[in-house]
Amino acid sequence: MQQATTNSFCIANLKMHGDLRFNAQLFEAFLKQIPADDHVAMVVCVPYPYLAQAQQYFQNTHIAWGAQNMSKETEGAFTGEVSARMLRDFGAEYVIIGHSERATAYCESDENIATKFYQAKAHGLTPILCVGETLIEREAGVMERVVDEQLSEIIAMYGAEVFADTIIAYEPIWAIGTGLPATPAQAQAMHLFIRNKITQLDEKAAQSLRIIYGGSVNPQNALQLFVEQDIDGGLVGRGALDVASFQGIVQAAVNS
Ligand code: PGA
């Protein structure tokens, strides 16, 4: 795992974009145009069918790959599901868990998300846990309570030590895909809240936990976000579909 020396992460979430041809061009361009950096890890999270392609391009390079979801079950009669072990079979090292686009559209419960988080770790994957509030919740001023509840299920089921060597992505739902990111101050405040919560429960786990920000990160706003004390990089959707854009974001992480 990369965490020990890695200060920050730039993680591309391709969502349901791309195809063999598009990916080939994008992956080649990432490899050619975005240099390795000792302190910034790069990860590309692809749709399941393209895991083999990600493996083909990124194996033995400075770019790691992962999936955008996985089953909470290990094996069995679960039609349409993909297990952590299957992701590992294709060299995946990371998996996004509980992305709001799934949690809302597919009614994922906090308990499901907690089980997936644990299963991912148990199978040697680094889970990227997404947390964040809706616009209504932010306007009502209850965003910290919402995020606290999202973390609490995992803590109740597995203890805070489970956060060691994992990644939490703070993704305010109102900022995802809207072009309206959280301000650096808003994001920093939530990241600090998350870090303090885990630190109070398990200081050691908190040290290897990375907290990244997601929601309309682009090359123009990335540096302002990443220089904040508790923002350890970004989870990037739209801004990762274009090499120049993702390169700019990674460069911001390197400079921060
Ligand atoms: P966005 O998506 O960068 O397009 O806002 C981020 C995410 O949903 O992970």
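The values are calculated or read from the model by the stated rules, or taken from the named source; none is laboratory data. None of these values were measured; they are calculated from a predicted model. Because the Cβ atoms are built from the backbone with ideal geometry, glycine has one as well, and the counts that use them run over all protein chains shown. Please note that ligands, DNA and RNA were not included when accessible areas were found on the heavy atoms of the full protein model with its side chains. Shrake-Rupley method; radii C 1.70, N 1.55, O 1.52, S 1.80 Å.
Count, please, the residues in the range 221-230 that happen to be within 11 Å of the ligand (Cβ to nearest atom) and either within 16 Å of V40 (Cα to Cα) or crowded, with 24+ Cβ neighbours inside 10 Å (or both). First the steps, then the outcome.
Pass one, the range 221-230, residues within 11 Å of the ligand (Cβ to nearest atom): 221-222.
Still in the running and either within 16 Å of V40 (Cα to Cα) or crowded, with 24+ Cβ neighbours inside 10 Å (or both): 222.
Residues meeting the conditions: 1.
One residue alone among G237, G233 is within 13 Å of the ligand (Cβ to nearest atom), modelled with pLDDT of 95 or more, within 22 Å of F22 (Cβ to Cβ) and not β-branched (V, I, T), and that residue is G237. Only a single item in (1) of a type outside the set (G, A, S); (2) within 15 Å of the ligand (Cβ to nearest atom); (3) crowded, with 23+ Cβ neighbours inside 10 Å is not met by N218, and it is number (3).
Restricting to the range 36-91, name every residue that is without any contact (Cβ under 8 Å) to a residue 24 or more places away in the chain and of a type in the set (A, V, I, L, M). A77, M86, listed by residue number. Scanning the range 242-256 for residues that are within 14 Å of the ligand (Cβ to nearest atom) and surrounded by fewer than 17 Cβ atoms within 10 Å (Cβ to Cβ) turns up just one, D242. The listed residues are A252, A244, A189, A206, and the only one of them that is outside any loop (DSSP other than H, G, I, E, B), in contact with a Ser or Thr (Cβ under 7 Å, 6 or more places away or on another chain) and not polar (S, T, N, Q) turns out to be A206. Restricted to the range 131-175, and to residues there that are in contact (Cβ under 8 Å) with a residue 60 or more places away in the chain and either in a helix (DSSP H, G or I) or surrounded by fewer than 21 Cβ atoms within 10 Å (Cβ to Cβ) (or both), the residue that is nearest to the ligand (Cβ to nearest atom) is I173.
Condition check ((1) among the basic types (K, R); (2) touching a helix residue (DSSP H, G or I) at 6+ places or on another chain (Cβ under 6 Å)) across all residues:
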site	(1), (2)
V40	no, yes
V43	no, no
Y50	no, yes
F58	no, no
E73	no, no
L87	no, no
E93	no, no
E101	no, no
K116	yes, no
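One residue stands out in the range 197-211 among those that are over 16 Å from E153 (Cα atoms) and within 18 Å of the chain's Cα centre (by Cα): the one that is most open to solvent (accessible area, probe 1.4 Å), namely Q207.
Among the residues making up the range 75-89, those that are open to solvent by less than 70 Å² (accessible area, probe 1.4 Å) and under 20 Å from L129 (Cβ atoms) are V82, S83, A84, L87. Considering only residues that are among the charged types (D, E, K, R) and away from the ligand (no atom under 15 Å from the Cβ), look in the range 89-124 and name the one that is farthest from M157 (Cα to Cα). Checked the range 89-124; the qualifying residue farthest from M157 (Cα to Cα) is D89. If the condition is being buried (at least 20 other Cβ atoms within 10 Å of the Cβ) and polar (S, T, N, Q), then the range 39-68 contributes only Q68. The one condition from (1) open to solvent by 20 Å² or more (accessible area, probe 1.4 Å); (2) in a helix (DSSP H, G or I) that T178 does not meet is (2). Residue-level check: of (1) over 26 Å from V217 (Cα atoms); (2) open to solvent by 20 Å² or more (accessible area, probe 1.4 Å), P35 misses just (1).
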